[in-house]
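A quick write-up on the structure given underneath.
Since every read-out is calculated from the coordinates, none of them should be taken as a lab result. Since we're looking at a predicted model, the values are computed, not measured. A quick note on method: Cβ atoms are made from the backbone with ideal geometry, for glycine too, and the neighbour counts reach across all protein chains shown.
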Amino acid sequence: MLPVQVAAPRPAAPATTRPSVTVEMLRGVPLFHDLEPELLALLARRAVLRRLGRHAMVVDQASQEAGLFVLLQGQAQVLRHNLRGRSLLVDQLRSGDHFGELSAIDAQPQYAAVRCTLPSEVLVIGRDDFLDCLQESQALMQALLRLTVQRLRRKNRRIALLALHDVRGCVVQQLLDLAELRDGRPVVRGRVCRQAIADMIGASRAMVSRVMMALTRAGELQVLDDGSTVVHCQAPNPAARPPRGTAARRRAAG
């Protein structure tokens with residue numbers, strides 16, 4: 001009788017552990033900065049951290065996934081698609097921005113898709129946990145209202161600029177919206193995506209590049225060694241009278 005060969009047991013696959021969410025991580029989010037310690041601890045236990053690669057979809061348009069999403073690290077774009085597959089860039093997100101709260105509150109499908117443009121970390125808080133905290137915390141309610149108003153004012157300002165100003169004013173305002181204060185100066189972290197700015201303001205990439213080159217030559221933009229851009233120019237006034245020939249230049253830019 002031939003000896004029976006017994007296969008050696010395979011080593012067990014290492015258990016995958018879910019990335020932990022800490023109170024310190026949550027406290028660094030503007031929306032949660034003043035949240036009560038006990039609610040921060042509760043969210044830290046229940047929140048989920050997703051690590052996503054470049055071009056990964058965080059949430060799809062019309063998705064029924066409801067909850068609060070927070071971009072902890074990286075960058076993302078908010079995109080609206082039509083039935084023919086065309087996309088409109090609605091907004092750009094950076095670290096600390098949140099989204100999805102509207103669907104979490106009214107239980108409607110997601111209005112737009114969110115896609116990462118850099119490797120990112122996204123915090124996800126389920127709808128029930130988010131609504132419970134919203135009911136329990138006056139600080140969270142006030143922070144959400146304040147940030148929502150800021151977002152609405154930014155969108156209203158962008159609409160006014162698109163209607164009344166030239167490409168230069170729209171580019172400057174978009175850069176300021178993307179910037180964060182560093183040593184008292186507005187700085188856009190990382191390389192500026194000219195195509196994304198063009199999509200946001202309805203201009204061509206070539207026109208945005210020409211405007212940014214002119215601003216750099218005039219000393220109104222300064223590119224740092226790490227690729228970040230310091231914005232030295234002032235924000236355009238949407239109520240000011242636009243320069244003559246603005247409409248023709250904007251048509252040419254499109």
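The alpha-carbon positions of the chain define a convex hull whose volume is 232 Å³ per residue.
Dipole of the chain computed with +1 at Lys/Arg Cβ and -1 at Asp/Glu Cβ about the Cα centre; of Met25, Val171, Leu89, farthest Cα towards the positive end is Val171. Between Ile125, Ala160, Leu147, whose Cα lies farthest towards the positive end of the dipole of region 119-163 when Lys and Arg beta carbons carry +1 and Asp and Glu beta carbons carry -1, centred on the Cα centre? With unit charges placed on the Cβ atoms, the residue in question is Ala160. Basic side chains Lys and Arg get +1 at the Cβ, acidic Asp and Glu get -1 at the Cβ, and with that the dipole of the chain about its Cα centre reaches some 1540 debye. When only Cα pairs below 8 angstrom with a gap of at least 6 residues are kept, the chain shows a relative contact order of 17 percent. Here's the picture: a label point sits 7 Å out from the Cα of Arg185 along the beta-carbon direction, and within region 208-231 the residues with their amide nitrogen under 17 Å of it are 215-231. Annotation for region 97-119 versus region 44-64: alpha-carbon center distance of 9 Å.
Backbone geometry of region 139-146 corresponds, through the Karplus equation with coefficients 6.51, -1.76 and 1.60 at θ = phi - 60°, to 3J(HN,Hα) couplings of 5, 5, 4, 5, 5, 5, 5, 5 Hz, x marking Gly and Pro. Computed extension length for Thr22-Gln195: 58.7 nm, one decimal, from 0.36 nm per residue of separation with the Cα-Cα distance subtracted. Overall shape of region 166-231 was characterised from the C-alpha gyration tensor. The equivalent ellipsoid obtained from it has semi-axes of 19, 12, 11 Å, in decreasing order. Taking 0.36 nm per residue of separation and subtracting the current Cα-Cα distance, fully stretching the chain between Arg54 and Val149 would add 31.2 nm. Assuming charge only on the beta carbon of Lys and Arg (+1) and of Asp and Glu (-1), the dipole of region 23-161 about its Cα centre is about 980 debye to the nearest 20. Using a Gaussian network model of the chain in which every pair of alpha carbons under 10 angstrom is joined by a spring, one finds that among Ala47, Ala104, Ala160 the greatest mean-square fluctuation is at Ala160. Dividing the summed helix terms, -39500 (n - 2.57) for each DSSP H run of n ≥ 4, by the number of residues in the chain produces a 222 nm estimate of -12000 deg cm²/dmol to the nearest 500.
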